[in-house]
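K.L.:
Below is one structure. I have some questions about it.
The values are calculated or read from the model by the stated rules, or taken from the named source; none is laboratory data. These figures come from a predicted structure and were not determined experimentally. Note that we place each Cβ from the backbone using ideal geometry, even for glycine, and neighbour counts take in every protein chain shown. Remember, those area values only see protein heavy atoms, side chains included, never the ligands or the DNA or RNA. Shrake-Rupley method; radii C 1.70, N 1.55, O 1.52, S 1.80 Å.
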Amino acid sequence: MGGLRLVVRTFSELCLTLGTLIVLFVVYVLYWTGVQADSASAGQIDTLQRAWTSTPAGAPPAPGKPSTLPAYAPGEGIAVMYVPRLGRDWKWPVLEGTGADVLKKGLGHYAATGRLGATGNFAVAGHRRTHGDPFKDFPRLRAGDAVVLTDGTTWFTYRIVRAPYRTVPTDVGVVAPLPTSFGRNAAGFDGPGRYLTLTTCEPEWGSSHRLIAWAHLDATRPVADGRPQALGS
Amino acid sequence: MYGWIWRHLPGNAWVRALLSIVLVLAVVYVLFQYVFPWAEPLLPFNDVTVDGQ
(Lines give C-alpha, C1' and ligand atoms only; values in the text may rest on other atoms or scores of the structure.)
Protein backbone atom coordinates (compact mmCIF):
# COMPACT_ATOMS: atom_id res chain seq x y z
CA MET A 1 0.00 0.00 0.00
CA GLY A 2 2.90 2.37 0.73
CA GLY A 3 4.05 2.18 -2.87
CA LEU A 4 0.62 3.01 -4.25
CA ARG A 5 0.32 5.95 -1.87
CA LEU A 6 3.66 7.30 -3.10
CA VAL A 7 2.58 6.98 -6.72
CA VAL A 8 -0.76 8.73 -6.12
CA ARG A 9 0.89 11.50 -4.13
CA THR A 10 3.61 12.09 -6.70
CA PHE A 11 1.03 12.12 -9.49
CA SER A 12 -1.13 14.69 -7.74
CA GLU A 13 1.92 16.81 -7.01
CA LEU A 14 2.84 16.75 -10.68
CA CYS A 15 -0.71 17.78 -11.63
CA LEU A 16 -0.60 20.68 -9.17
CA THR A 17 2.79 21.73 -10.52
CA LEU A 18 1.57 21.63 -14.12
CA GLY A 19 -1.52 23.65 -13.20
CA THR A 20 0.58 26.27 -11.47
CA LEU A 21 2.91 26.39 -14.46
CA ILE A 22 0.00 27.01 -16.83
CA VAL A 23 -1.42 29.76 -14.63
CA LEU A 24 2.01 31.40 -14.44
CA PHE A 25 2.38 31.21 -18.22
CA VAL A 26 -1.00 32.85 -18.73
CA VAL A 27 0.03 35.60 -16.33
CA TYR A 28 3.22 36.01 -18.33
CA VAL A 29 1.50 36.20 -21.72
CA LEU A 30 -1.45 38.37 -20.72
CA TYR A 31 0.17 40.62 -18.19
CA TRP A 32 3.93 40.49 -18.03
CA THR A 33 4.61 40.91 -21.79
CA GLY A 34 2.42 44.03 -21.57
CA VAL A 35 4.38 45.43 -18.65
CA GLN A 36 7.61 44.84 -20.51
CA ALA A 37 6.25 46.29 -23.77
CA ASP A 38 5.03 49.42 -21.98
CA SER A 39 8.40 50.12 -20.44
CA ALA A 40 10.30 49.17 -23.62
CA SER A 41 8.12 51.35 -25.85
CA ALA A 42 8.29 54.27 -23.42
CA GLY A 43 12.06 53.87 -23.41
CA GLN A 44 12.14 53.85 -27.22
CA ILE A 45 10.02 56.99 -27.41
CA ASP A 46 12.29 58.66 -24.83
CA THR A 47 15.38 57.72 -26.82
CA LEU A 48 13.84 59.07 -30.02
CA GLN A 49 12.73 62.32 -28.46
CA ARG A 50 16.11 62.83 -26.82
CA ALA A 51 17.82 62.26 -30.18
CA TRP A 52 15.45 64.72 -31.84
CA THR A 53 16.09 67.46 -29.31
CA SER A 54 19.86 66.96 -29.24
CA THR A 55 20.17 67.31 -33.02
CA PRO A 56 17.91 70.24 -33.81
CA ALA A 57 16.16 69.49 -37.03
CA GLY A 58 16.98 71.66 -39.98
CA ALA A 59 14.58 72.13 -42.80
CA PRO A 60 12.41 69.06 -43.27
CA PRO A 61 13.71 66.98 -46.18
CA ALA A 62 11.98 67.88 -49.37
CA PRO A 63 9.32 65.24 -49.90
CA GLY A 64 9.49 63.53 -53.23
CA LYS A 65 13.20 62.82 -53.34
CA PRO A 66 13.85 60.76 -50.23
CA SER A 67 15.62 58.07 -52.24
CA THR A 68 18.91 59.76 -51.41
CA LEU A 69 18.43 58.96 -47.72
CA PRO A 70 20.09 55.83 -46.34
CA ALA A 71 17.96 52.82 -45.36
CA TYR A 72 16.87 52.53 -41.76
CA ALA A 73 19.13 50.43 -39.55
CA PRO A 74 17.59 47.23 -38.15
CA GLY A 75 15.97 47.84 -34.77
CA GLU A 76 16.43 51.60 -35.14
CA GLY A 77 13.66 53.88 -33.92
CA ILE A 78 12.03 55.59 -36.90
CA ALA A 79 9.03 57.48 -35.67
CA VAL A 80 6.29 57.76 -33.09
CA MET A 81 2.80 56.84 -34.21
CA TYR A 82 -0.46 58.26 -32.87
CA VAL A 83 -3.89 56.90 -33.77
CA PRO A 84 -6.62 58.88 -32.03
CA ARG A 85 -9.23 56.22 -32.85
CA LEU A 86 -7.30 53.66 -30.82
CA GLY A 87 -7.17 55.93 -27.81
CA ARG A 88 -6.43 59.49 -26.81
CA ASP A 89 -3.13 58.44 -25.22
CA TRP A 90 -2.33 55.79 -27.80
CA LYS A 91 1.24 56.28 -28.95
CA TRP A 92 3.78 53.69 -29.99
CA PRO A 93 7.30 53.84 -31.39
CA VAL A 94 7.86 52.46 -34.88
CA LEU A 95 11.11 50.52 -35.15
CA GLU A 96 12.85 49.09 -38.19
CA GLY A 97 12.14 45.41 -38.84
CA THR A 98 9.32 43.02 -38.06
CA GLY A 99 11.16 40.37 -36.03
CA ALA A 100 9.75 39.13 -32.73
CA ASP A 101 12.44 41.02 -30.81
CA VAL A 102 11.43 44.30 -32.46
CA LEU A 103 7.68 43.79 -32.04
CA LYS A 104 8.27 43.26 -28.33
CA LYS A 105 9.27 46.89 -28.04
CA GLY A 106 6.86 48.60 -30.37
CA LEU A 107 5.49 48.56 -33.89
CA GLY A 108 7.68 47.21 -36.68
CA HIS A 109 8.36 48.75 -40.09
CA TYR A 110 8.62 46.18 -42.88
CA ALA A 111 12.24 46.55 -43.92
CA ALA A 112 11.53 46.14 -47.64
CA THR A 113 8.88 48.85 -47.76
CA GLY A 114 9.06 52.59 -48.28
CA ARG A 115 10.25 55.38 -46.05
CA LEU A 116 7.98 57.46 -43.88
CA GLY A 117 6.27 60.17 -45.92
CA ALA A 118 7.88 59.07 -49.16
CA THR A 119 6.27 57.91 -52.36
CA GLY A 120 5.61 54.22 -51.87
CA ASN A 121 4.20 52.29 -48.98
CA PHE A 122 5.34 52.72 -45.38
CA ALA A 123 4.14 49.38 -43.95
CA VAL A 124 3.94 48.73 -40.23
CA ALA A 125 3.07 45.58 -38.26
CA GLY A 126 1.95 45.41 -34.66
CA HIS A 127 0.66 42.97 -32.08
CA ARG A 128 -3.08 42.71 -31.72
CA ARG A 129 -2.78 40.85 -28.43
CA THR A 130 0.06 40.42 -25.94
CA HIS A 131 3.13 42.64 -25.76
CA GLY A 132 1.04 45.66 -24.85
CA ASP A 133 -1.89 44.97 -27.22
CA PRO A 134 -1.06 47.95 -29.49
CA PHE A 135 -3.56 46.98 -32.21
CA LYS A 136 -6.26 45.52 -29.94
CA ASP A 137 -8.92 47.87 -31.33
CA PHE A 138 -7.73 47.60 -34.93
CA PRO A 139 -11.21 46.58 -36.25
CA ARG A 140 -12.60 49.92 -35.06
CA LEU A 141 -10.56 51.85 -37.64
CA ARG A 142 -12.75 53.52 -40.25
CA ALA A 143 -12.28 55.50 -43.44
CA GLY A 144 -11.07 59.00 -42.61
CA ASP A 145 -9.39 58.08 -39.32
CA ALA A 146 -6.06 59.79 -38.80
CA VAL A 147 -2.78 57.94 -38.39
CA VAL A 148 -0.23 60.52 -37.34
CA LEU A 149 3.50 59.93 -37.31
CA THR A 150 6.43 62.12 -36.50
CA ASP A 151 10.09 61.58 -37.27
CA GLY A 152 11.24 64.55 -35.20
CA THR A 153 11.15 67.07 -38.04
CA THR A 154 7.75 66.57 -39.64
CA TRP A 155 4.26 65.51 -38.65
CA PHE A 156 2.78 63.15 -41.22
CA THR A 157 -0.99 62.79 -41.13
CA TYR A 158 -2.25 59.77 -43.02
CA ARG A 159 -5.95 59.04 -43.50
CA ILE A 160 -7.37 55.53 -43.43
CA VAL A 161 -9.15 54.81 -46.72
CA ARG A 162 -11.44 51.94 -45.72
CA ALA A 163 -12.43 49.69 -42.83
CA PRO A 164 -9.87 46.96 -42.10
CA TYR A 165 -9.48 44.41 -44.86
CA ARG A 166 -9.20 40.74 -43.92
CA THR A 167 -6.80 38.55 -45.83
CA VAL A 168 -4.43 35.60 -45.46
CA PRO A 169 -0.78 35.73 -44.33
CA THR A 170 0.57 35.00 -47.82
CA ASP A 171 -1.03 38.10 -49.34
CA VAL A 172 2.23 40.06 -49.55
CA GLY A 173 0.82 42.47 -52.14
CA VAL A 174 -0.90 44.41 -49.38
CA VAL A 175 2.43 46.00 -48.42
CA ALA A 176 3.55 46.64 -52.02
CA PRO A 177 4.30 50.24 -53.07
CA LEU A 178 0.88 50.26 -54.77
CA PRO A 179 -1.02 47.93 -52.45
CA THR A 180 -3.20 45.21 -53.93
CA SER A 181 -4.64 41.98 -52.59
CA PHE A 182 -3.76 39.10 -54.90
CA GLY A 183 -3.79 41.52 -57.81
CA ARG A 184 -7.14 43.01 -56.83
CA ASN A 185 -7.21 46.72 -56.05
CA ALA A 186 -8.69 46.24 -52.58
CA ALA A 187 -7.28 49.51 -51.25
CA GLY A 188 -8.79 51.53 -54.07
CA PHE A 189 -5.67 53.58 -54.84
CA ASP A 190 -5.49 54.90 -58.43
CA GLY A 191 -1.73 54.98 -58.87
CA PRO A 192 1.57 55.54 -57.14
CA GLY A 193 1.32 57.74 -54.07
CA ARG A 194 2.38 58.14 -50.47
CA TYR A 195 0.71 55.27 -48.71
CA LEU A 196 0.79 53.59 -45.34
CA THR A 197 -0.23 50.03 -44.48
CA LEU A 198 -0.89 48.63 -41.03
CA THR A 199 -1.05 44.87 -40.46
CA THR A 200 -1.98 42.75 -37.46
CA CYS A 201 -3.30 39.29 -36.77
CA GLU A 202 -6.87 38.06 -37.17
CA PRO A 203 -8.66 36.57 -35.30
CA GLU A 204 -7.64 38.35 -32.15
CA TRP A 205 -5.92 35.35 -30.60
CA GLY A 206 -5.17 33.45 -33.78
CA SER A 207 -2.93 33.56 -36.77
CA SER A 208 -4.97 32.16 -39.63
CA HIS A 209 -5.62 35.58 -41.16
CA ARG A 210 -4.39 39.17 -41.11
CA LEU A 211 -6.17 42.47 -40.83
CA ILE A 212 -4.93 45.24 -43.09
CA ALA A 213 -5.57 48.97 -42.91
CA TRP A 214 -4.50 51.29 -45.72
CA ALA A 215 -4.01 55.01 -45.55
CA HIS A 216 -2.74 57.77 -47.80
CA LEU A 217 -0.72 60.82 -46.82
CA ASP A 218 -3.12 63.66 -46.26
CA ALA A 219 -0.97 66.42 -44.79
CA THR A 220 2.49 67.20 -43.52
CA ARG A 221 3.48 69.86 -41.06
CA PRO A 222 6.87 70.91 -39.67
CA VAL A 223 7.23 69.93 -36.03
CA ALA A 224 8.10 73.55 -35.26
CA ASP A 225 4.52 74.52 -36.20
CA GLY A 226 3.03 72.38 -33.43
CA ARG A 227 0.93 69.28 -33.30
CA PRO A 228 -1.37 68.59 -36.25
CA GLN A 229 -5.07 69.21 -35.94
CA ALA A 230 -5.82 65.48 -36.12
CA LEU A 231 -4.34 65.02 -32.66
CA GLY A 232 -6.79 67.59 -31.37
CA SER A 233 -6.66 68.98 -27.91
CA MET B 1 8.38 15.10 -4.44
CA TYR B 2 7.79 18.22 -2.36
CA GLY B 3 7.98 16.12 0.81
CA TRP B 4 11.35 14.83 -0.34
CA ILE B 5 12.62 18.38 -0.94
CA TRP B 6 11.32 19.51 2.44
CA ARG B 7 13.05 16.66 4.21
CA HIS B 8 16.34 17.41 2.50
CA LEU B 9 16.37 21.13 3.31
CA PRO B 10 18.65 21.98 6.20
CA GLY B 11 17.70 23.74 9.43
CA ASN B 12 14.51 23.90 11.48
CA ALA B 13 11.03 24.50 10.15
CA TRP B 14 11.50 28.29 9.89
CA VAL B 15 14.72 28.01 7.95
CA ARG B 16 13.18 25.43 5.67
CA ALA B 17 10.14 27.62 5.05
CA LEU B 18 12.41 30.54 4.17
CA LEU B 19 14.51 28.38 1.87
CA SER B 20 11.33 27.07 0.22
CA ILE B 21 10.18 30.60 -0.55
CA VAL B 22 13.59 31.44 -2.01
CA LEU B 23 13.45 28.31 -4.14
CA VAL B 24 9.95 29.13 -5.40
CA LEU B 25 10.99 32.69 -6.28
CA ALA B 26 14.07 31.39 -8.07
CA VAL B 27 11.95 28.99 -10.12
CA VAL B 28 9.45 31.75 -11.02
CA TYR B 29 12.33 34.04 -12.01
CA VAL B 30 13.87 31.43 -14.29
CA LEU B 31 10.46 30.76 -15.84
CA PHE B 32 9.71 34.43 -16.54
CA GLN B 33 13.21 35.30 -17.64
CA TYR B 34 14.15 32.34 -19.78
CA VAL B 35 11.52 29.64 -20.23
CA PHE B 36 8.40 31.69 -21.04
CA PRO B 37 10.15 34.09 -23.48
CA TRP B 38 11.31 31.01 -25.31
CA ALA B 39 7.90 29.33 -25.29
CA GLU B 40 5.79 32.38 -26.12
CA PRO B 41 6.73 32.74 -29.82
CA LEU B 42 5.48 29.18 -30.31
CA LEU B 43 1.98 30.53 -29.73
CA PRO B 44 0.15 32.10 -32.68
CA PHE B 45 -0.20 35.63 -31.24
CA ASN B 46 3.12 36.69 -32.72
CA ASP B 47 2.16 36.28 -36.34
CA VAL B 48 1.18 39.80 -37.29
CA THR B 49 2.99 40.24 -40.60
CA VAL B 50 2.32 39.26 -44.18
CA ASP B 51 5.45 37.49 -45.24
CA GLY B 52 4.48 34.79 -47.66
CA GLN B 53 5.46 32.03 -45.28
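K.L.:
Out of segment B:1-19, which residues are within 9 Å of another protein chain (Cβ to nearest Cβ) and either under 18 Å from the mean Cα position of the chain (by Cα) or under 30 Å from A:Gly132 (Cβ atoms) (or both)? It would help to see each step written out before you state the result.
P.N.:
Narrowing segment B:1-19 to residues within 9 Å of another protein chain (Cβ to nearest Cβ): B:1-3.
Once the filter is applied, which keeps residues that are within 9 Å of another protein chain (Cβ to nearest Cβ) and either under 18 Å from the mean Cα position of the chain (by Cα) or under 30 Å from A:Gly132 (Cβ atoms) (or both), segment B:1-19 yields B:Met1, B:Tyr2.
K.L.:
Quick one: in segment A:18-46, which of the residues that are among the polar types (S, T, N, Q) and surrounded by 13 or more Cβ atoms within 10 Å (Cβ to Cβ) is farthest from the chain's Cα centre (by Cα)?
P.N.:
Per the stated criteria, the residue is A:Thr20.
K.L.:
Considering B:Val22, B:Val48, which residue is within 11 Å of another protein chain (Cβ to nearest Cβ) and hydrophobic (A, V, I, L, M, F, W, C)?
P.N.:
Numbers: B:Val22 fails: within 11 Å of another protein chain (Cβ to nearest Cβ).
After applying the criteria, what remains is B:Val48.
K.L.:
As an exercise: evaluate A:Lys105 against (1) touching a strand residue (DSSP E or B) at 6+ places or on another chain (Cβ under 7 Å); (2) more than 14 Å from chain B (Cβ to nearest Cβ); (3) open to solvent by 20 Å² or more (accessible area, probe 1.4 Å); (4) part of a loop (DSSP other than H, G, I, E, B) and give the number of the one condition it does not meet.
P.N.:
It fails just one condition, (2).
K.L.:
Oh, and also: Can A:Gly188 be described as free of Cβ contacts under 8 Å to residues at least 40 places away in the same chain, away from chain B (no Cβ under 14 Å), at positive phi and not in a strand (DSSP E or B)?
P.N.:
yes
K.L.:
Here's another thing I want to ask about it. Against the conditions (1) part of a strand (DSSP E or B); (2) within 14 Å of another protein chain (Cβ to nearest Cβ); (3) open to solvent by 50 Å² or more (accessible area, probe 1.4 Å); (4) not hydroxyl-bearing (Ser, Thr, Tyr), where does A:Leu211 fall short? Just the number, please.
P.N.:
(3)
K.L.:
Does any residue in segment A:34-45 that is over 16 Å from A:Ile78 (Cβ atoms) come within less than 8 Å, Cβ to Cβ, of a residue that is of a type in the set (D, E, K, R) and open to solvent by 10 Å² or more (accessible area, probe 1.4 Å) six or more places away or on a different chain, and which pairs are these?
P.N.:
Taking only residues 6 or more apart or on different chains, the pairs are A:Gly34/A:Asp133; A:Gln36/A:Lys104; A:Ala37/A:Lys104; A:Ala37/A:Lys105.
K.L.:
Taking the conditions exactly as written (under 30 Å from A:Val26 (Cβ atoms) and open to solvent by less than 50 Å² (accessible area, probe 1.4 Å)), does A:Arg128 satisfy them or not?
P.N.:
Yes: the conditions hold for A:Arg128.
K.L.:
Okay, moving on. Does A:Arg115 satisfy the criteria of being touching a residue at least 24 places away in the same chain (Cβ under 8 Å), within 23 Å of A:Ala143 (Cα to Cα), more than 14 Å from chain B (Cβ to nearest Cβ) and open to solvent by 10 Å² or more (accessible area, probe 1.4 Å)? Spell out the reasoning first.
P.N.:
Working: touching a residue at least 24 places away in the same chain (Cβ under 8 Å): yes; within 23 Å of A:Ala143 (Cα to Cα): yes; more than 14 Å from chain B (Cβ to nearest Cβ): yes; open to solvent by 10 Å² or more (accessible area, probe 1.4 Å): yes.
The answer is yes for A:Arg115.
K.L.:
Looking only at segment A:118-138, filter to residues that are outside any loop (DSSP other than H, G, I, E, B) and more than 14 Å from every other protein chain (Cβ to nearest Cβ); which one of those is farthest from the chain's Cα centre (by Cα)?
P.N.:
That would be A:Gly120.
K.L.:
Hey, another quick one. Go through the residues of segment B:7-20 one by one and say whether even a single one is exposed (fewer than 14 other Cβ atoms within 10 Å of the Cβ) and of a type in the set (S, T, N, Q).
P.N.:
Yes; the residues of segment B:7-20 include at least one that is exposed (fewer than 14 other Cβ atoms within 10 Å of the Cβ) and of a type in the set (S, T, N, Q).
K.L.:
Could you identify the single residue in A:Thr68, A:Thr10, A:Thr55 that is open to solvent by less than 50 Å² (accessible area, probe 1.4 Å), hydroxyl-bearing (Ser, Thr, Tyr), modelled with pLDDT under 95 and more than 19 Å from the chain's Cα centre (by Cα)?
P.N.:
When all the criteria are applied, what remains is A:Thr10.
K.L.:
Among the residues of segment B:26-53, what is the count of those that are more than 21 Å from A:Tyr110 (Cα to Cα), more than 8 Å from the chain's Cα centre (by Cα) and part of a helix (DSSP H, G or I)?
P.N.:
8
K.L.:
How many residues, within segment A:151-185, are within 14 Å of chain B (Cβ to nearest Cβ) and in a loop (DSSP other than H, G, I, E, B)?
P.N.:
At the first step, the residues of segment A:151-185 found to be within 14 Å of chain B (Cβ to nearest Cβ) are A:164-176, A:179-182.
So of that shortlist, the ones also in a loop (DSSP other than H, G, I, E, B) come out as A:164, A:168-171, A:176, A:179-180, A:182.
Of the residues in segment A:151-185, 9 are within 14 Å of chain B (Cβ to nearest Cβ) and in a loop (DSSP other than H, G, I, E, B).
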